[in-house]
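Below is one structure, written out as structure tokens; the observations come after it.
Nothing in this text is a laboratory measurement; each read-out follows from the coordinates by a stated rule. None of these values were measured; they are calculated from a predicted model. Cβ placement follows ideal geometry from the backbone for every residue including glycine, while neighbour counts extend to all protein chains displayed.
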Amino acid sequence: MSVGSVIGVIGAGQLGRMLALAGTRLGARFAFYEDVPSSTSQTLGALYHQDQLDAFIDAVDVVTFESENTPVALVDYISARKPVMPNAKALFTAQHRGREKTLFRRLGIETAPFMIVNSLAELQDAVKTIGLPAVLKTTTEGYDGKGQAVLRTVDDIESAWVRIGNRELILEGFVTFARELSIIAARRVAGDVVFYPLVENTHVDGILRLTIAPAVNLTDALTQQAQAAIQSIMTELDYVGILALELFDTPNGLVANEMAPRVHNSGHWSQDGAWTDQFENHCRALLGLPLGDAGMEVPVAAMINLIGDLGDWQSVLKIPHAAVHLYDKAPRAGRKLGHINLTANDRETLQSRIKQIVQ
Ligand SMILES: Nc1ncnc2c1ncn2[C@@H]1O[C@H](COP(=O)(O)OP(=O)(O)O)[C@@H](O)[C@H]1O
Ligand SMILES: [Mg+2]
């Protein structure tokens, strides 16, 4: 691809915005297509709305998306005229927790036991097979822990069904994990892959709050298991771009939870801690450019999400090795408004910098 290639992004939220910030450095241009106006990216490229889809397709060289809830039919429609990366198959698979776990299992990747249920009676039967505790989730559209319930006793079954049910749900066995990890990788059409280090993620109220890169006490065995898993998924799906895989670290090894067919919040640290950040590598993959080194540029890094309100972000600007990334979104409870990346030469210093920000 040449300088001045236009990357089309379906969606214009913070992920599209950060893709544009990175891709612009490589001389790419951006256009955004959004259904429902929600743009934070409007200053970074042309904005197209629902009735302008064909004009959007005409304007771009390659298309990507920032949400796994992007309609597959939309991607199919665009794919007839312009390449969409990742492809519709990857999107279709990632949109449904049952489909993605079925794929993981077929590839020999460990998952929690799971069953799809469509009624209270089916849920009651599934609990008999899977046992308690268990986690009940919507098969589609869940994010940030929404559309989920933990079932601890049989008394929880009916109320959980009423609260999130009356639709297709998935019941998963409860995984007792020591910590939550994720791995992110980028793949090109040619099939070459780069891996970011395994990171540790801490969630608060179901929303990612903190990522530490790399995770502590990584062994070669853990890294190899995670890399082999994500690589096999990418190969199977003929995947192009950034893919994220969320993992539970258990005494019996890694258990895959879910994947995201897009740049991922647990990779935001890479903007300030990796040689090439995830947004740039996604753009490079789309443009067929050589992938950049996904290794760390600093010994340790962290990402803290700013959720609901920005706090005293101007003071954070004074902290050494802190980078403030704001999305220009209106404050609202539970909404991701920005993040802070921290880097350090050792974990102790990193922890003290984190404590300056997270009380
Ligand atoms: N089967 C499970 N066992 C134990 N904890 C789980 C399980 N599934 C999800 N969780 C917890 O709930 C969080 C959100 O679930 P996840 O499947 O990642 O949904 P979301 O799409 O909302 O991120 C996970 O990060 C993890 O902390
Ligand atoms: Mg998740």
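Just to be sure I understand the filter: pairs with C-beta atoms under 7 Å, separated by 6 or more residues or on different chains, first member in the stretch 125-145 and within 10 Å of ligand 1 (Cβ to nearest atom), second member of a type in the set (Lys, Arg) and not in a helix (DSSP H, G or I). Which pairs pass?
Pro133/Arg152; Thr138/Arg167
Those residues that are in contact with a strand residue (DSSP E or B) (Cβ under 6 Å, 6 or more places away or on another chain), over 20 Å from Thr43 (Cα atoms) and outside any helix (DSSP H, G or I), I need them from the stretch 327-357; list them, please.
Ile340, Asn341, Leu342, Thr343, Ala344
Conditions tested, residue by residue: (1) without any contact (Cβ under 8 Å) to a residue 12 or more places away in the chain; (2) surrounded by 20 or more Cβ atoms within 10 Å (Cβ to Cβ).
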{"site": "Leu254", "(1), (2)": "no, yes"}
{"site": "Trp269", "(1), (2)": "no, yes"}
{"site": "Leu286", "(1), (2)": "no, yes"}
{"site": "Val298", "(1), (2)": "no, no"}
{"site": "Ala302", "(1), (2)": "no, yes"}
{"site": "Trp313", "(1), (2)": "no, no"}
{"site": "Ile319", "(1), (2)": "no, no"}
{"site": "Ala330", "(1), (2)": "yes, no"}
{"site": "Arg347", "(1), (2)": "no, no"}
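Can you work out which of the residues in the stretch 254-295 that are of a type in the set (Asp, Glu) and outside any loop (DSSP other than H, G, I, E, B) is nearest to ligand 2 (Cβ to nearest atom)?
Taking the candidates together, the pick is Glu258.
State whether one or more residues within the stretch 134-151 are more than 16 Å from ligand 2 (Cβ to nearest atom) and surrounded by fewer than 17 Cβ atoms within 10 Å (Cβ to Cβ). Can you show your working first?
Initially, the stretch 134-151 is screened for residues more than 16 Å from ligand 2 (Cβ to nearest atom), giving 134, 151.
Applying the additional criterion that residues be surrounded by fewer than 17 Cβ atoms within 10 Å (Cβ to Cβ) yields none.
Taking every residue of the stretch 134-151 in turn, none turns out to be more than 16 Å from ligand 2 (Cβ to nearest atom) and surrounded by fewer than 17 Cβ atoms within 10 Å (Cβ to Cβ).
May I ask you to list the residues in the stretch 162-192 that are surrounded by fewer than 15 Cβ atoms within 10 Å (Cβ to Cβ) and either under 19 Å from Gln224 (Cα atoms) or within 16 Å of ligand 2 (Cβ to nearest atom) (or both)?
Passing the criteria: Ala178, Gly191, Asp192.
Cβ contacts < 8 Å: first residue near ligand 1 (Cβ under 10 Å from one of its atoms), restricted to the stretch 195-221; second residue part of a helix (DSSP H, G or I), any location; separation 6+ or different chain. Result?
Asn201/Ser266; Leu208/Asn265; Leu208/Ser266
Yes or no: Thr140 β-branched (Val, Ile, Thr) and assigned to a loop (DSSP other than H, G, I, E, B)?
Working: β-branched (Val, Ile, Thr): yes; assigned to a loop (DSSP other than H, G, I, E, B): yes.
Yes: the conditions hold for Thr140.
For the stretch 42-49, does any single residue satisfy the condition of being in a loop (DSSP other than H, G, I, E, B) and crowded, with 19+ Cβ neighbours inside 10 Å?
Yes, some residue in the stretch 42-49 is in a loop (DSSP other than H, G, I, E, B) and crowded, with 19+ Cβ neighbours inside 10 Å.
Take the conditions more than 9 Å from ligand 1 (Cβ to nearest atom) and surrounded by fewer than 16 Cβ atoms within 10 Å (Cβ to Cβ) and apply them to Leu120. Does it pass?
The answer is yes for Leu120.
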